[in-house]
Amino acid sequence: MSGYDDHHSGHVSASAQSRGSRRADAQRNRERILQAARDLVHEPGELKLNAVAKACGIGQGTLYRHFPTREDLLAEVYRREVEELVAEAPRLLATHQPLDALAAWFDRVAAYARVKRDIFAAVEAATWQDLTAHSLGPIGEAVELLLAAGRSAGSVRADAEARDVIVLISWLSRLDDTELDARAPRLLSILVDGLRTPRP
């Protein structure tokens, strides 16, 4: 023995490397499961966990270790969608003028609405009510971030509130694919125009 443990010698033990590798594999599997569920929930019929496992190329046991029930999986897909939508607001503001950032964010909202509609149709009422209650705050904060930047720049009307936008975009998740594809871009463009600072 060297008299020094792995921590002091600067070496990582084989067991530590193995644990790190397992954690990385588990995270990759989790991401694959979430993406497959996001894609499959849009398909006709009830989402089956064995179909998700098959799409990922993993065993059902692996899937159940991450998500014991279908509702657990779908709830996490929705939470992830909300996280990504919220995170997009500051990213867009870093590279766009405020009103352009808002318009680009609305494009992302349309994709979110499609996922929300499909997931809420697939879970129990108590689950989607809980998900809604916990998502309105973060989404409202993202909207307010975009509106505040626009108000500071003078491009968004001073009386526009985040709740106004939330109410107006909430209808998106009620549209079927055909109508969402046909109407969402035009209606969101109308909404952006309505948020512009009125010309004197």
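The values are calculated or read from the model by the stated rules, or taken from the named source; none is laboratory data. Everything numeric in this text was worked out from a predicted model, so none of it was measured. Cβ sites come from the backbone with ideal geometry, for glycine too, and all protein chains shown count toward neighbours.
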Practice problem: Assess whether LEU136 counts as being within 27 Å of ILE33 (Cα to Cα), outside the structural domain of ARG196 (by TED's automatic domain parsing) and among the hydrophobic types (A, V, I, L, M, F, W, C). | Solution: no
Self-check item: Filtered residue count, segment 40-82, keeping only those that are under 19 Å from the mean Cα position of the chain (by Cα), outside any helix (DSSP H, G or I) and at pLDDT 90 or above
Solution: 1
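Quick one: how many residues across segment 93-111 are of a type outside the set (Lys, Arg) and free of Cβ contacts under 8 Å to residues at least 40 places away in the same chain?
Total satisfying the criteria: 6.
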Quiz item: With respect to ASN29, is the statement that it is polar (S, T, N, Q) and surrounded by fewer than 17 Cβ atoms within 10 Å (Cβ to Cβ) true?
Solution: no
